[in-house]
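> One structure coming up, written as structure tokens, with questions to follow.
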Amino acid sequence: RFPSALVLGLDGKFYGTTAVTIFRISASGVLETLHTFSGIPDGTNALTGLIQGSDCNFYGTTLGGGPTPNSAGTVFRITPGGVYTVLYSFSSAAGAPLLNGTIPRVGLVQASDGKLYGSTTRGGVYGWGTIFEVDLAGNFRVVYNLNNLDKAGGGPATTLIQASDGNLWGTGGQDPFATLYAISTAGTLLQSTLFTCAQSDTSEVTDLLIQATD
């Protein structure tokens, strides 16, 4: 249930996720299940879909699960042949693990530096989530702690994009703190714009950003 949007692989087939599987389907409708999630140790609820990385493997996130009972989502890799690897596991354990963020509710983007960038819904220094970086070897870094203090928002609603300026653009938060923001890959907040609406509870941004030709 709950299939994600599809990504067209370099092999001409489509790849996607459901709540509990990763699948491949041909244009003629031949479906293959590449991986079935079990919660522990591999994660669960892979609702954000996949991207195909520069190494031709596919990458994604799960909202929950991971190697331990305290795991709260993962970043994973799966090869076109179905070999599955957890690159990084988020944790709900108090202290340092929680500061890395929990529950990556949106998908990943591979930036021009070859690294994967994404965001978490909660955790971090302020409890509003983090923007994180994971390289293809699984090395993890918190890029930015989201918060409402500087109007960078929290609880990211959409997948990041890397714009032509090289920076990461995204949206987060809910009324009255729904924002559009730009953050460098080094972790500097460059811009934040607060969305305002005439009616309450109507200013959460829920769809993807695109960059136009201008």
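The values are calculated or read from the model by the stated rules, or taken from the named source; none is laboratory data. Just so it is clear, the model here is predicted, and its values are computed rather than measured. Each accessible area value is taken on the protein alone, full model and side chains, heavy atoms only, with ligands, DNA and RNA left out. Shrake-Rupley method; radii C 1.70, N 1.55, O 1.52, S 1.80 Å.
> Quick one: accessible area per residue over the chain, 1.4 Å probe, rounded to a whole number of Å²?
Value for the chain: 46 Å² per residue.
> Please report, as a whole percent, how much of the solvent-accessible surface of the chain comes from carbon and sulfur atoms (probe radius 1.4 Å).
Carbon and sulfur together cover 56 percent of it.
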